[in-house]
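For reference, the structure is listed below as structure tokens.
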Amino acid sequence: MLSFLDLPPEIRLIIYAYSLDPNEYVCGYRQIELLAAAEMDRARGPVCAYPRPYIERHTPSILLLNRQITEEALEVLYRIPLNLYETPPTYFVMRNMDITEFISEHLLQKIHHGILRMDNAQKFHILTLLDIWGQSNSLQSLHVYCSKPSPTPRNHWKIVKQRLRTFSSTVPVTFHRVEDPLKADNYERIGPSQKWSRAGPIGVPTDAE
């Protein structure tokens, strides 16, 4: 009987690519939104008194079959570009949830290509990611899609931008100024891009300051 490992390696790689999607974590955002809506409908007291929402993470079954398949599949998973969106708030109105409640810290440190989608300054979210990557990362590129004009609040954006500038000493960081950073694909640009790398800032646009 033919087993999965009897398939040609190139066929297995195609199957892994179809079976794995690190960007599925955003489904958890929708779950939080639904929980928040349900709790708000039942609200009879202070919102902070309600139980904190949690999302149960799961491991794709293809990563649990055997060591060889896991190693092959993980190599494919790590090469898939990961879009990172701001996390939803906890207690529905207060501090945002931690990104590691949706994606494991290990996966964040193993991905090769990250894409930050910023429709606002997202200080807590971005600084959390940079702290994780500062400990360990496998990034070959980091693309930052931010709103045009610069994200707000401006004071938060200055802090985020400075931290990204510092991070660019180890990982190339490219900025893209777009009308809608949540929907822009990797090639859509409005105006010049801003690239930070080991050599320092290149082509800094005036409204990115």
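What follows draws every value from the coordinates through simple rules; no lab data is involved. Worth saying up front: this structure is predicted, and the values here are computed from it rather than measured. All Cβ positions, even for glycine, are placed from backbone atoms using ideal geometry, and neighbour counts span all protein chains on display.
Structure notes:
- Where trypsin sites (Lys or Arg not before Pro) fall in DSSP loop in region 78-135, at most 15 other Cβ within 10 Å: 95
- Long-range HN-HN contacts of residue 96 with modeled amide H, under 5 Å: 90
- Exposure proxy for 152, 90: other Cβ atoms within 10 Å of each Cβ, ordered fewest to most, give 152, 90.
- Ranked 54, 18, 85, criterion: other C-beta atoms within 10 Å, fewest first: 18, 54, 85
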